[in-house]
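The values are calculated or read from the model by the stated rules, or taken from the named source; none is laboratory data. This structure is a prediction, so every number in the text was calculated from the model and none was measured. Ideal geometry is used to build each Cβ from the backbone, glycine not excepted, and the neighbour counts take in all protein chains shown. SASA here: full protein model, heavy atoms, side chains in, ligands and nucleic acids out. Shrake-Rupley method; radii C 1.70, N 1.55, O 1.52, S 1.80 Å.
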Amino acid sequence: MSSASEGRFPSSSVPLLTRPPRIATLRTDDGVPVEAVYEPWAPAAATPGDAAGDGPAAVPAIVVAHGFTGSADRPAVRRAARVFARRAAVVTFSFRGHGRSGGRSTVGDREVLDLAAAVAWARELGHSRVVTVGFSMGGSVVLRHGALHRAPDSAPRTAESPAGRTAVRVPARAGRSERPGAHADAVVSVSAPARWYYRGTAPMRRLHWVVTRPSGRLVGRYGLRTRIATGAWDPVPLSPVAAVPLIAPAPLLLVHGDRDPYFPLDHPRMLAEAAGPGGAELWLERGMGHAENAADDALLARIADWATAAPRA
């Protein structure tokens, strides 16, 4: 079982016509406890029949992967969950080193195991179709997770090379696990980087200071409520741009704002190009900034519509 303990939010905090959220502590394959919240489908025009008529197997689940320094209880994540819950069941969780989860953040490396535990939990709760939606760091994590965790009947992993499509060997220590049901049926990546170690913008230079310097990690811990691992990546994880070609046949949506202060538009375009013809849908959003804080309700609703309508891999 992926859940070490479970509970519920107070029933007075939720509408009477819907079941209350369920909270749990999930255990990742490397032993890290991860806090998670499950919210059943809550359509906007709910009736008692809507709330109970369809079992989980008939309803898709969206698993939300937040950005660096976020958590399951941050306002932007809760807002996204509320919008998504009108169209699907929703699982939110806090990455390691964030919120009430254990461990320390590896800034996108071992976090793939956190997402795998959350996806597997959604399936344990009865959902046969699960879509991952990630923002910023979470956007890079859903891409790597989509490459490393595939449906059992998926074709072998391949990637585009100058000589054509060739098999790609994925490193053993790359965030894979043998957890059943840990794969996503579709992937949505919002405001994600295409490549590691990018320092081309002032916000990213500040982020690197937070992650790599002892004084920066103190700011992360006490100012940003994020506990950051001290060791360097070893080995360097599969990059987002290298992961993208490995996600097919699962549908992939890339979303990016044209005013993103962290990652300019060459990042989403590089990801879309790496996916190959028909491998990804790209939305460049006019006036949008970065990640979950910049995604308004209308965009979140469009993402949820895409996620619930995308065909199964």
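Observations on the model:
- Taking the stretch 54-72 as the range and being of a type in the set (Asp, Glu) and either on the phi > 0 side of the Ramachandran plot or in contact with a helix residue (DSSP H, G or I) (Cβ under 8 Å, 6 or more places away or on another chain) (or both) as the test, no residue passes.
- Residue tally, condition of a type in the set (S, T, N, Q), touching a Gly at 6+ places or on another chain (Cβ under 9 Å) and open to solvent by 10 Å² or more (accessible area, probe 1.4 Å), over the stretch 88-129: 1
- Of all the residues in the stretch 174-215, those that are in a loop (DSSP other than H, G, I, E, B), open to solvent by 20 Å² or more (accessible area, probe 1.4 Å) and of a type in the set (D, E, K, R) number 6.
- All conditions in (1) more than 21 Å from Ser71 (Cβ to Cβ); (2) open to solvent by 40 Å² or more (accessible area, probe 1.4 Å) hold for His267, with the sole exception of (2).
- Matching residues, the stretch 107-130, being assigned to a helix (DSSP H, G or I) and under 26 Å from Pro237 (Cα atoms): Glu111, Val112, Leu113, Asp114, Leu115, Ala116, Ala117, Ala118, Val119, Ala120, Trp121, Ala122
- Condition check for His145: more than 14 Å from the chain's Cα centre (by Cα) and surrounded by 24 or more Cβ atoms within 10 Å (Cβ to Cβ): no
- Residue check for Leu218: open to solvent by 30 Å² or more (accessible area, probe 1.4 Å), in a loop (DSSP other than H, G, I, E, B) and of a type in the set (A, V, I, L, M, F, W, C): no
- Taken as a whole, the stretch 280-292 holds at least one residue that is assigned to a helix (DSSP H, G or I) and either at pLDDT below 95 or under 26 Å from Gly200 (Cβ atoms) (or both).
- When restricted to residues that are on the phi > 0 side of the Ramachandran plot and either within 16 Å of the chain's Cα centre (by Cα) or open to solvent by less than 60 Å² (accessible area, probe 1.4 Å) (or both), the stretch 270-292 contains 3.
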